Amino acid sequence: MNLISTTTSAPVLLIAVLLVAGCSSIGKTVDPSKYDTLSCTELNSALGTNAGEISQTAITRGKVANTSVPRWLLGGSRVKTAVANRETARIDRLKHQQDAIAAARVRKCQRSAG
């Protein structure tokens, strides 16, 4: 009985991860000019939110990478790799966004502090 519940939960988990990961990484691009209009407080908040998103995405990527895919599930390893790669690409986009926010914060907030 335990074998049945373990083997049937892996495909369900994999499908759920695909749906969540697929929806979470749909085309977000970095527009550095939009950060120039934000205040220092808003930039700090955006930087914190961005860092949280990077952490959450890294956790999700780790869970996907550590998922055990049964051998009988054809293409399961390729799907797992594709999802992990998608999460890696999302982390890269978030890091670029974080760099843009940090640069805007340095330009805008360092002048008023000194």
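The values are calculated or read from the model by the stated rules, or taken from the named source; none is laboratory data. What you are looking at is a predicted structure, and each value in this text was computed from that prediction instead of being measured. Don't worry about glycine lacking a Cβ; one is built from the backbone with ideal geometry, like all the others, and counts go over all protein chains shown. Heavy atoms of the whole protein, side chains included, go into the accessibility calculation; ligands, DNA and RNA do not. Shrake-Rupley method; radii C 1.70, N 1.55, O 1.52, S 1.80 Å.
Below are the figures for this structure:
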quantity	calculated
Residue in segment 42-59 that is open to solvent by 40 Å² or more (accessible area, probe 1.4 Å), in a loop (DSSP other than H, G, I, E, B) and either modelled with pLDDT under 95 or not β-branched (Val, Ile, Thr) (or both) present	no
Qualifying residue in segment 70-77 (condition: at pLDDT 90 or above and hydroxyl-bearing (Ser, Thr, Tyr))	yes
Residue in segment 72-105 that is nearest to Ser55 (Cα to Cα), counting only those that are open to solvent by 90 Å² or more (accessible area, probe 1.4 Å) and over 15 Å from the mean Cα position of the chain (by Cα)	Asp99
Ala46, sole failed condition from (1) more than 30 Å from Ala102 (Cβ to Cβ); (2) touching a residue at least 24 places away in the same chain (Cβ under 8 Å)	(1)
Selection count, segment 69-87, where residues are touching a helix residue (DSSP H, G or I) at 6+ places or on another chain (Cβ under 7 Å) and assigned to a loop (DSSP other than H, G, I, E, B)	3
Count of residues meeting criterion [touching a helix residue (DSSP H, G or I) at 6+ places or on another chain (Cβ under 7 Å) and among the basic types (Lys, Arg)] in segment 96-112	2
Number of the condition not met by Gln110 [criteria: (1) closer than 24 Å to Asn44 by Cα; (2) surrounded by 15 or more Cβ atoms within 10 Å (Cβ to Cβ)]	(2)
Matching residues, segment 24-39, being open to solvent by 40 Å² or more (accessible area, probe 1.4 Å) and modelled with pLDDT of 50 or more	Gly27, Lys28, Thr29, Val30, Asp31, Pro32, Ser33, Lys34, Asp36, Thr37, Leu38, Ser39
